[in-house]
Amino acid sequence: MSSTKPFSGADPASRNTEVSLNRRSLLSKLTAAGGAAALCCGQSFTAAAETSADAEPSGASLKAGDHFTRVGDGAGLSAIRLSDLPAGAAIMDVMPLDPATGKAREESRMNAVNLVRISNVPSGSPLEATQGVMAYSAICTHKGCKVNSWAPEQNRWRCFCHMSEFDVLANGEVVDGPATQPLPTIPIAIDAEGIITATAGFSSAPGAAD
Amino acid sequence: MKRRVVVSAICALAAVAHYGAKPVQADGYSAVTDERLKNPEAENWLSWRGNYGGWGYSSLEQITADNVKDLVPVWSYATGLTEGHQAPPIVNNGVMFVATPENNVIALNAKTGTEIWRYRRKLPKELFQLHPTNRGVGLYKDRVYLATLDACVVALDATTGKQAWETCIGDWKIGEYSTLSPLIAEGKVISGVSGGEFGVRGAITALDADSGKVAWKTFTIPAPGEPGSNSWRGEDWKTGGGSVWMQGNYDPDTKLAFFGTGNGAPWMPDTRPGDNLYTSSVIAIDVTSGAIKGHHQYHWNDAWDWDEVSAPLLIDYPRDGKDVKGLVHAGRNGYLWWLERSKGDINFVGAESYVEQNAFDKIDKKTGRPSYNQDKIPLLNKSAKFCPSLWGGKDWPPEAYNPKTGMLYIPSHINLCSEYGGAGTLDKLKPGELWLSVPVDVVFASLRFSDKVDQTKPVPTGSLQAFDIKTGKRIWETNFNDTPFWAPLLTTGGNLVFAGGTADRKFRAMNASSGKILWETSMPSGVTGVPSSYSVDGTQYIAVQAGWGVDAERMHALMQKILPADRKLPTVPQGGSIWVFALKK
């Protein structure tokens, strides 16, 4: 290994800042387009190395029609029903349950969901249709931790990691802490058997947004 | 915030700074050699605390207590990132390397702030970050080493930022992650994994600096049959914690590295009866073989989330007419520990509390083993209030030692306590999920003021304390009211101590002899970065990152819950930036 090396770009005058900035902008667009290949091509723009970790699961796969279930407690998988959720209570860290296969969609932690049933649903509120039940992503939009605390007095989800708090009655908007983006929601319905059922996927991609 | 100087006195020792060998090459990149790491030049800051002893000391003395009032910003640089910017700007002959959250590394011209290259780690999409930070890079030869949040170590070309190799030393999916700056010693890159809140088994791994191959891996929790294993019950050792999330210090004479270790996992002590070696300890580890040659456990069967991960400072001090080759550690458990290092064993010399500490009944004078006040021990089915708080007398922000003043400086929290207890039952560990044994709702509301303070008036909660290394006595303290105080320290040959850490976003310079605040400036965000000092072309600079987050943010949130309405803390905005100061010309 050489003990000395000239510094590439050490002379400020020789550095092309515009190229670097353009590259980042380009990378951002290409990443949004969803291509590992795009990332690969972008590397030729600069001397700075950027590495890829192993390919990760593509993320949330919750689908309309999914039920919800507790996993990992040793019991058989069963769909969570309205009757499992008293008013004012929450069931945290559940997974979508594919009713066709009877299997939980637990290939990605991005599927984790928190269910809550609020008390005192205002008359005329859309929540009357679900008897106060709502479903939110359990993945904090700050740094990807599990949102693992329910504060019923304030109707807030709270994340232990960095103490971000989200307003359940305001579509998961941030009301405290370092998160800047709301928690994704999942539209739900209660089916004829009383099973809590997703009527669509997440309102936005779960996971850290910052 | 008020400042209170209690005692002002000084017992200065002769300066013992090493100026060392000149760098190999002034024009290109100067390779960092073993010799330079042993004797770093005054103009450079080659490792996270500036030297192997962990002193946080720069012998530069252009900026002094007399002229620091003329300190002005020379350049600043926005990182474009949020969360805790804790790493020191590390400087090698005019080139600065700064690690940030999200595992970026930025190389800059240290004189002008011009970016030379930037490395951005592609972190796994599903990664969860309990501690979204990094505490700095290591330098060796012509490479830069970074420990990552997905529990890997990467080697970068110092001149281009290109990755030379990557070696993963843990599994982020089970909650292992790395936030520490790697220790570079004897051609090895030595790192560890966090994860005490996820039930990991702590480990230290040494990689060959050239190839990235694993040289050795040593667990901080012994397996059955290994020394110390009888301090564990059954299978508890497999999930026992003892994580390693702060850089070790190093004694080149004995080739021993001294690493601190984290708390036992999970938090409640009755879930893992026994002493739980080597949790909440310092271990002496042979960097050649990885063998544990000695240890001192600061407290056994931890109940208070008191990690003791900060490595003790290597400071030689006199005691009882003898010169002690020492290790000095301001414990999270609120005691200031005076130890003796050797070729192997670590010997206990003395310990005294430096903040209110009501969990220990007494310390055995011969062994240093504490006995406990039983009513201050939270259990699975018992809540207890104890002092200091779970963040301790001093958390990770490092102390500093100034050989010219002969003082050790400690950034401490005072008058803060915690109250919590267990959930009654212990949940089964789910890999990668929090495993505290205490309900998170309880932790949310766990911070308390000490019963000894009048809460109707502003309460001193941050305290910068100075201790005489010769006598072990406190010389002065400068206190800050009603604020978190996450203040890594820098002390200099100009008789100064630099610190941020408060919720008012100030970065300050104190007189190292008296604690008097001599200079302060408002920063864009709170300062929890480790300050450093260097010089280029004859000008001394002070460098630090601003960027509030992680535990400072957590303490801020919990402190808001106990402060009265008229004393609520100001909002501390997030957003990282690098700042460099010098004397006005």
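The values are calculated or read from the model by the stated rules, or taken from the named source; none is laboratory data. In this text the structure is predicted, and so the values were computed from the model without any measurement. Glycine also receives a Cβ, built like all others from the backbone with ideal geometry; neighbour counts cover every protein chain displayed. Ligands, DNA and RNA are excluded from the accessible area calculation, which covers all protein heavy atoms including side chains. Shrake-Rupley method; radii C 1.70, N 1.55, O 1.52, S 1.80 Å.
Of all residues in segment A:79-87, none are within 14 Å of chain B (Cβ to nearest Cβ), assigned to a loop (DSSP other than H, G, I, E, B) and either among the β-branched types (V, I, T) or surrounded by 21 or more Cβ atoms within 10 Å (Cβ to Cβ) (or both). Within segment B:442-490, being within 26 Å of B:G54 (Cβ to Cβ), open to solvent by less than 10 Å² (accessible area, probe 1.4 Å) and in contact with a Cys (Cβ under 8 Å, 6 or more places away or on another chain) holds for one residue alone: B:D468. Checking B:I315, B:I283 one by one, the residue that is among the aliphatic types (A, V, I, L, M), under 22 Å from the mean Cα position of the chain (by Cα) and surrounded by fewer than 23 Cβ atoms within 10 Å (Cβ to Cβ) is B:I315 and no other. For segment B:133-180, enumerate the residues that are in contact (Cβ under 8 Å) with a residue 60 or more places away in the chain, open to solvent by less than 10 Å² (accessible area, probe 1.4 Å) and closer than 15 Å to B:G202 by Cα. Result: B:G175, B:S178, B:T179, B:L180.
Within segment B:113-172, if we keep just the residues that are in contact with a Gly (Cβ under 6 Å, 6 or more places away or on another chain) and of a type in the set (V, I, T), the residue that is farthest from A:G59 (Cα to Cα) turns out to be B:I116.
Whether any residue in segment B:97-107 is of a type outside the set (V, I, T), within 14 Å of another protein chain (Cβ to nearest Cβ), open to solvent by less than 10 Å² (accessible area, probe 1.4 Å) and more than 30 Å from A:M110 (Cα to Cα) is what I want to check.
Yes, there is a match, as at least one residue in segment B:97-107 is of a type outside the set (V, I, T), within 14 Å of another protein chain (Cβ to nearest Cβ), open to solvent by less than 10 Å² (accessible area, probe 1.4 Å) and more than 30 Å from A:M110 (Cα to Cα).
Just a yes or no: is a residue in segment B:49-58 in a strand (DSSP E or B), open to solvent by 10 Å² or more (accessible area, probe 1.4 Å), out of contact with any Cys (no Cβ under 6 Å at 6 or more places or on another chain) and under 30 Å from B:M407 (Cβ atoms)? Yes: one or more hits. Taking each residue of segment B:331-346 that is closer than 22 Å to B:D302 by Cβ and open to solvent by less than 10 Å² (accessible area, probe 1.4 Å) and looking for partners that are hydroxyl-bearing (S, T, Y) and outside any loop (DSSP other than H, G, I, E, B) with beta-carbon atoms closer than 7 Å, six or more apart or interchain, yields B:G334/B:S353.
Within segment B:497-515, the only residue that satisfies the criterion of being basic (K, R) and part of a loop (DSSP other than H, G, I, E, B) is B:R505.
The combined condition, being more than 9 Å from every other protein chain (Cβ to nearest Cβ), under 22 Å from B:R49 (Cα atoms), charged (D, E, K, R) and more than 19 Å from the chain's Cα centre (by Cα), is fulfilled by B:K111. Quick check: is even one residue across segment B:183-191 within 13 Å of another protein chain (Cβ to nearest Cβ), touching a helix residue (DSSP H, G or I) at 6+ places or on another chain (Cβ under 8 Å) and within 27 Å of B:L108 (Cα to Cα)? Yes, the conditions are met somewhere in segment B:183-191.
In segment B:546-553, the count of residues that are part of a strand (DSSP E or B), surrounded by 22 or more Cβ atoms within 10 Å (Cβ to Cβ) and over 21 Å from the mean Cα position of the chain (by Cα) is zero.
For segment B:278-378, which fully contained strands (runs of 3 or more DSSP E) count at least 2 residues that are under 25 Å from B:P252 (Cβ atoms)? Filter on segment B:278-378 gives B:281-286, B:292-297, B:313-319, B:322-330, B:335-340, B:347-353.
Being under 18 Å from the mean Cα position of the chain (by Cα) and part of a loop (DSSP other than H, G, I, E, B) narrows it down to one residue among B:W245, B:W267; which is it?
Of B:W245, B:W267, the one residue that is under 18 Å from the mean Cα position of the chain (by Cα) and part of a loop (DSSP other than H, G, I, E, B) is B:W245.
This table checks each residue for (1) touching a residue at least 60 places away in the same chain (Cβ under 8 Å); (2) within 14 Å of chain B (Cβ to nearest Cβ); (3) within 17 Å of the chain's Cα centre (by Cα).
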{"site": "A:F160", "(1), (2), (3)": "no, yes, yes"}
{"site": "A:G172", "(1), (2), (3)": "no, no, yes"}
{"site": "A:P182", "(1), (2), (3)": "no, no, yes"}
{"site": "A:I195", "(1), (2), (3)": "yes, no, no"}
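Listed here are the residues, each with its yes/no results for (1) more than 14 Å from chain A (Cβ to nearest Cβ); (2) charged (D, E, K, R); (3) in contact with a helix residue (DSSP H, G or I) (Cβ under 9 Å, 6 or more places away or on another chain).
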position: B:W476; (1), (2), (3): yes, no, no
position: B:G501; (1), (2), (3): yes, no, yes
position: B:M510; (1), (2), (3): yes, no, no
position: B:V544; (1), (2), (3): yes, no, no
position: B:V550; (1), (2), (3): no, no, yes
position: B:M555; (1), (2), (3): no, no, no
position: B:L563; (1), (2), (3): yes, no, no
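So B:S194 clears everything in (1) within 14 Å of chain A (Cβ to nearest Cβ); (2) under 28 Å from B:N39 (Cβ atoms); (3) open to solvent by less than 50 Å² (accessible area, probe 1.4 Å) except one condition, right? Which one? Only one criterion is unmet by B:S194, namely (2). Test B:D253 against the stated conditions and say whether it is farther than 19 Å from B:A291 by Cα and either part of a loop (DSSP other than H, G, I, E, B) or open to solvent by 10 Å² or more (accessible area, probe 1.4 Å) (or both). In short, no. Return yes or no: is B:W300 open to solvent by 20 Å² or more (accessible area, probe 1.4 Å) and within 15 Å of the chain's Cα centre (by Cα)? No; evaluated as a whole, the condition is false for this residue.
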